[in-house]
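These notes concern the structure reproduced below.
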Amino acid sequence: MHVVQANGAEIPAVGLGTWLSPGEACRGAVAAALECGYRHIDTAQLYGNEAWVGAALADSAVARDEVFLTTKVRRDLLRPDQVAASVEGSLQRLGTHIDLLLIHWPSRSIPVADTLGAMQRFVERGDVSHLGVSNFTAAQVREAAIHAKLVCNQVEYHPYLAQRAVKAACDGLGMALVAYSPLAHGHLLREPVLDEIGRAHGRSAAQVALAWLIGQPGVAAIPKSTNPGRIRQNLDVDFALTGEERARIDALARGLRTCAPPFSPDWDPS
Ligand code: A2P
């Protein structure tokens with residue numbers, strides 16, 4: 001699996017997503033992923049499973065420094081004093097250092113410079129290697145990057161959601177775009193175009209969507225699964241699509257957001 005280089009970070013192009021993977025299911029998924037070759041695991045304070053991710057990492061035969069671990073600060077804990085306490089909690093639950101610490105959602109009230117300043121203290125202390133953001137618009141990511149060295153913006157991205165503005169902003173800042181819900185939360189699994197292209201490569205629709213994503217410079221993807229067979233399948237996606245196949249997949253874009261809670265920012269047109 002190739003890595004995405006982004007402002008000093010080396011992010012494995014496929015990681016395991018753990019949103020909606022609770023408790024033992026999460027621990028089993030992380031264990032299965034590490035065993036079959038994943039070296040990138042994504043969690044968040046909000047998911048309530050950091051301790052299970054940490055337990056799977058601790059039990060694994062894979063050396064900790066071979067794995068790229070991401071977590072995210074909750075959107076209701078972005079004041080500097082709250083950041084300090086909540087990241088201490090993440091470090092305790094994970095039982096290990098954090099490779100990438102993200103702001104989970106942009107705040108409408110707390111200046112991003114203040115939040116990033118508090119996160120930066122953990123970088124200086126050596127408990128966090130890199131900082132980034134998640135669910136930021138193009139304008140928000142440009143503003144945030146003034147205040148800290150950021151390595152990614154993690155956003156929903158898949159063939160049904162083009163994300164042109166956010167991608168251009170990340171490219172311009174040397175940041176990676178990490179695609180969450182890269183299978184559109186399951187909506188892409190029965191997409192006939194992906195199915196047809198998959199048949200030509202002996203791959204599934206899910207694998208074609210992931211190959212389309214990580215075939216783009218600067219893009220990593222974190223498909224979620226708790227099923228060992230599908231976890232393995234989602235790592236076997238470093239294959240080339242033809243220009244014509246890519247163009248057919250590009251044409252599937254339809255502005256579908258599967259994750260748009262009421263506190264979302266004013267999304268870029270997509
Ligand atoms: P499961 O955990 O049972 O495998 P996304 O990452 O876009 O949010 O998609 C996650 C959904 O897609 C989950 O419901 C997951 O279910 C399912 N999924 C993940 N990988 C695959 C795959 N390779 N084939 C079919 N379904 C998949």
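The values are calculated or read from the model by the stated rules, or taken from the named source; none is laboratory data. Every value quoted in this text rests on a predicted model; they were computed, and no experiment measured them. Here the Cβ is made from the backbone with ideal geometry for all residues, glycine too, and neighbour counts use every protein chain on show. Heads up: the accessible areas ignore ligands, DNA and RNA and are worked out on the full protein's heavy atoms, side chains in. Shrake-Rupley method; radii C 1.70, N 1.55, O 1.52, S 1.80 Å.
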Query raised in the report: In terms of solvent-accessible area of protein heavy atoms at a 1.4 angstrom probe, what is the ranking of K224, K72, K149, highest value first?
Result: K149, K224, K72
Report task. State to the nearest 20 debye the size of the charge dipole of the chain about its Cα centre, where the only charges are +1 on K and R beta carbons and -1 on D and E beta carbons. Result -> 380 debye
Query raised in the report: Measuring with a 1.4 Å probe in the full set of protein chains, what accessible area per residue, in whole Å², belongs to the chain?
Result: 41 Å²
**Report entry** Accessible surface of the range 114-199 [probe 1.4 Å, protein heavy atoms]: carbon and sulfur percent
**Finding:** 50 percent
Requested in this report: Based solely on C-alpha atoms, express the radius of gyration and the Dmax of the range 20-170 in angstrom.
Outcome: 15.4, 44
Report summary line: Full extension between A58 and A200 adds, at 0.36 nm per residue less the Cα distance, a length in nm of 47.1 nm
Report summary line: Any residue on another chain or 5+ positions along whose placed amide H is under 5 Å from the amide H of V178 is listed here as N153, Q154, V155, A220
**Report entry** ³J(HN,Hα), Karplus 6.51/-1.76/1.60, whole Hz, each residue of the range 40-54, x for Gly, Pro
**Finding:** 8, 10, 10, 9, 6, 3, 4, 6, x, 10, 4, 5, 6, 4, x
Query raised in the report: Can you give the percent of C-alpha pairs in the chain whose distance is more than 31 Å?
Result: 20 percent
Requested in this report: Sticking with the crude label model, points 7 Å out along Cα→Cβ, report the distance from A168 to V193 in nm, one decimal please.
Outcome: 2.1 nm
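Given Cα pairs under 8 Å that are at least 6 residues apart, what percent is the relative contact order of the range 3-250? Before the final figure, lay out the partial values.
Values: 478 pairs, mean separation 51.3, N = 248.
Relative contact order comes out at 21 percent.
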Query raised in the report: Where in the range 79-106 does the amide nitrogen come within less than 15 Å of the point 7 Å from the Cα of V3, taken along Cα to Cβ?
Result: 99-100
Query raised in the report: Modelled label-to-label distance, D238 and R79, 7 Å Cα→beta-carbon offset: nm?
Result: 4.6 nm
Report summary line: Whole-Å distance linking the alpha carbon centroid of the range 214-258 with that of the range 126-171 is 19 Å
Report task. Highest first, please rank the peptides 56-63, 169-176 by the mean number of other Cβ atoms sitting within 10 Å of their residues. Result -> 169-176, 56-63
Query raised in the report: Roughly what angle does helix 80-94 make with the longest principal axis of the chain, taking Cα atoms, 0 to 90 degrees, to the nearest 10?
Result: 60 degrees
Query raised in the report: Given a cut-off of 19 Å, what percent of all Cα-Cα pairs of the range 162-270 lie beyond it?
Result: 46 percent
Report task. For A247 and I146, compute 0.36 nm times the residue count separating them, minus their Cα-Cα distance, and round to one decimal in nm. Result -> 32.9 nm
